[in-house]
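Asker: Take this structure first; my questions come after.
The values are calculated or read from the model by the stated rules, or taken from the named source; none is laboratory data. Model, not experiment: these values are computed from the prediction. For neighbour counting, all protein chains shown are included, and Cβ atoms are generated from backbone atoms with ideal geometry for every residue, glycine included.
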């Protein structure tokens, strides 16, 4: 970026956000599913900070200035007055609070270095906290953390240790009894490892800082392997990592400032200020619901957790909506996300001809958890068309960016098996679940059919890249034929939208549903569906809007934030996009539920329906994939090449 452009975007980032915007919960520490701390209030001093599960994990920050003590973070101690907060701004990688009272002016910044072009830094379990103070003759910062940061059992015996790191005072808190990877679950906190506070430093040049960090010792159980965090793969100790993080602090913070400004500029360009505000709120949440580790070959594996929706790990229909964020920011993370499913499905222990749903329950990736998995008696609960379609589309999108199918080729027999399954069962799916499984089973699902058709188109493109011209032609013809049949079978829904299902027998002709899976047809240049499909859909959507968004379909008034943004992009028309984004923005700004960005809520009253703090919110970044210059600019910064992934041990049962 040239100097003039950098100055422009830095000025843009320094401008206040949309005047009335109020995040439902403010991200503070955004690292992984276990180290994820929020403030669920307008002011940082109104409530104690909490884990995404709503359990209190208090962080206390006090300012001593000119003989008086002020509270900056946390609702206690109540006898210490809170400094008057003037504003809060959520940027992609940083949250900035401003305070002013009695001649004091304070900026308090929480910074987590989620920049995927450097996975070493990206994977560090560290959040920087920086305070800048003006108007005081003398001042210092005080900080404290609660033992609740390091246990899932608040009655457990805890141990505190003190030391120094890079000349700063440091303390760690952990359970007296340590058993890494001893349990799994959904709404749980880490029950092993150590929470760290390093600092605060003495004020220098108007600034003081400290680090919040978490040593989870072991991060993921992947079948027979207890895997460590990516930054740890070469044996680096936790304190050595902290020393590196402190030594690189100024450079990292400068890079975060520049990145936030640049991305803000591009997001406004893509979709306007309201869209940019939503994407900034989604950025860290998307990554913080995942964990990056190294397999026994030293290759990256990236695991999502289904926060607040059953706790599964590596779920295909959870990383599918997140995939635009991964593709935009890091092809390496995209490959690392797909690899666990491909490794698992290519092993003889996976008995089905379709893709798995998940690889376990976080942080234990030891076998599919959902619906019985390997030993299930009823495959209709396993989402067979859904997961095959998701995997083929994700692989196809990655191949489209990389202009080769080398990654998919490592598992080509498995990938081909999924394409064959969709050939038989994808066009008119039976009575089964899709990713929106909360809506229950649905036969002849028109949106799921779109997914299968596009997935076969993706398989055709990958076969072409592999030089398999005959295979490519066969599957292209299949996809084209299915798309033509779909246009006839789905025609006739409400207000011109295509129907919820391909049959008329079970649902009246005025049904409809968001056809969000259609996004990939235009992004990947497949051109399987005529433009009129998207145009008629958006014309109907604009008439079906409720105060807080577009319902998911004609059955109930709830909606999904990720799918709404996908649907908003279908025509490429800015008016269509803003029509759907505006009520979504209104929801985030006005919902009374003070929780991390939920993706499932009621579009009529703005109340939370289910799910929070999930990685699927990364789907908000899908507009970037329509702009090749923006997509390739960010993804192109990732220079890493992955090697061969380790197969499962044959002894794994």
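Asker: Can you name the condition, by its number, that residue 580 falls short on among (1) buried (at least 22 other Cβ atoms within 10 Å of the Cβ); (2) under 18 Å from the mean Cα position of the chain (by Cα)?
Answerer: Residue 580 satisfies all of (1) buried (at least 22 other Cβ atoms within 10 Å of the Cβ); (2) under 18 Å from the mean Cα position of the chain (by Cα) except (2).
Asker: Can you tell me which residue among 327, 333 is buried (at least 22 other Cβ atoms within 10 Å of the Cβ), farther than 21 Å from residue 35 by Cβ and not assigned by TED's automatic domain parsing to the domain that holds residue 95? Walk me through how you get there before you give the answer.
Answerer: Details: 333 fails: farther than 21 Å from residue 35 by Cβ.
Of 327, 333, the one residue that is buried (at least 22 other Cβ atoms within 10 Å of the Cβ), farther than 21 Å from residue 35 by Cβ and not assigned by TED's automatic domain parsing to the domain that holds residue 95 is 327.
Asker: Turning to a different aspect of this structure: Determine whether segment 506-515 contains at least one residue that is more than 16 Å from residue 555 (Cα to Cα) and surrounded by fewer than 17 Cβ atoms within 10 Å (Cβ to Cβ). So that I can check it myself, show each step before the final result.
Answerer: Restricting attention to segment 506-515, the residues satisfying the condition of being more than 16 Å from residue 555 (Cα to Cα) are none.
No; the residues of segment 506-515 include none that is more than 16 Å from residue 555 (Cα to Cα) and surrounded by fewer than 17 Cβ atoms within 10 Å (Cβ to Cβ).
Asker: Could you list, in sequence order, all residues of segment 117-149 that are more than 23 Å from the chain's Cα centre (by Cα) and under 19 Å from residue 28 (Cα atoms)? Give the steps one after another, and end with the answer.
Answerer: Our first condition is that a residue be more than 23 Å from the chain's Cα centre (by Cα); within segment 117-149, this holds for 130-148.
130, 131, 132, 141, 142, 143, 144, 145, 146, 147, 148 - these are the residues of segment 117-149 that are more than 23 Å from the chain's Cα centre (by Cα) and under 19 Å from residue 28 (Cα atoms).
Asker: Considering 164, 127, which residue is surrounded by fewer than 19 Cβ atoms within 10 Å (Cβ to Cβ), in the same structural domain as residue 60 (by TED's automatic domain parsing), part of a strand (DSSP E or B) and modelled with pLDDT of 95 or more?
Answerer: Values: 127 fails: surrounded by fewer than 19 Cβ atoms within 10 Å (Cβ to Cβ).
After applying the criteria, what remains is 164.
Asker: A further question on this structure: Would you be able to tell me the number of residues in segment 191-214 that are in a strand (DSSP E or B), within 11 Å of residue 130 (Cβ to Cβ) and out of contact with any helix residue (DSSP H, G or I) (no Cβ under 9 Å at 6 or more places or on another chain)?
Answerer: Of segment 191-214, the ones in a strand (DSSP E or B) are 194-198, 204, 207-214.
Next, only the ones that are within 11 Å of residue 130 (Cβ to Cβ) stay: 207-211.
Right, trim to out of contact with any helix residue (DSSP H, G or I) (no Cβ under 9 Å at 6 or more places or on another chain) and you get 207-208, 210.
Here the count works out to 3.
Asker: What's the number of the only condition in (1) exposed (fewer than 15 other Cβ atoms within 10 Å of the Cβ); (2) in contact (Cβ under 8 Å) with a residue 40 or more places away in the chain; (3) not assigned by TED's automatic domain parsing to the domain that holds residue 431 that residue 495 fails to meet?
Answerer: Residue 495 satisfies all of (1) exposed (fewer than 15 other Cβ atoms within 10 Å of the Cβ); (2) in contact (Cβ under 8 Å) with a residue 40 or more places away in the chain; (3) not assigned by TED's automatic domain parsing to the domain that holds residue 431 except (3).
Asker: Within the group 595, 581, which residue is assigned to a helix (DSSP H, G or I), at pLDDT 95 or above and not assigned by TED's automatic domain parsing to the domain that holds residue 328? Steps first, please.
Answerer: Values: 595 fails: assigned to a helix (DSSP H, G or I).
Checking each option against the conditions leaves just 581.
Asker: Read through the list (1) in contact with a helix residue (DSSP H, G or I) (Cβ under 6 Å, 6 or more places away or on another chain); (2) surrounded by fewer than 24 Cβ atoms within 10 Å (Cβ to Cβ); (3) assigned to a helix (DSSP H, G or I), then give the number of the only condition that residue 416 fails.
Answerer: (1)
Asker: Looking at (1) modelled with pLDDT under 95; (2) assigned to a helix (DSSP H, G or I), find the lone condition where residue 509 falls short.
Answerer: For residue 509, the failing item is (2).
Asker: Taking residue 223, is it crowded, with 19+ Cβ neighbours inside 10 Å, under 30 Å from residue 299 (Cβ atoms) and in contact with a strand residue (DSSP E or B) (Cβ under 9 Å, 6 or more places away or on another chain)? Walk me through it before giving the result.
Answerer: Values: crowded, with 19+ Cβ neighbours inside 10 Å: yes; under 30 Å from residue 299 (Cβ atoms): yes; in contact with a strand residue (DSSP E or B) (Cβ under 9 Å, 6 or more places away or on another chain): yes.
It is true that residue 223 is crowded, with 19+ Cβ neighbours inside 10 Å, under 30 Å from residue 299 (Cβ atoms) and in contact with a strand residue (DSSP E or B) (Cβ under 9 Å, 6 or more places away or on another chain).
Asker: Additional query: Quick one: how many residues across segment 366-406 are touching a strand residue (DSSP E or B) at 6+ places or on another chain (Cβ under 7 Å), free of Cβ contacts under 8 Å to residues at least 60 places away in the same chain and farther than 29 Å from residue 182 by Cβ? First the steps, then the outcome.
Answerer: First pass over segment 366-406, keeping only residues touching a strand residue (DSSP E or B) at 6+ places or on another chain (Cβ under 7 Å): 366, 369-370, 380, 383-385.
So of that shortlist, the ones also free of Cβ contacts under 8 Å to residues at least 60 places away in the same chain come out as 369, 384.
So of that shortlist, the ones also farther than 29 Å from residue 182 by Cβ come out as 384.
Residues in segment 366-406 being touching a strand residue (DSSP E or B) at 6+ places or on another chain (Cβ under 7 Å), free of Cβ contacts under 8 Å to residues at least 60 places away in the same chain and farther than 29 Å from residue 182 by Cβ: 1 in total.
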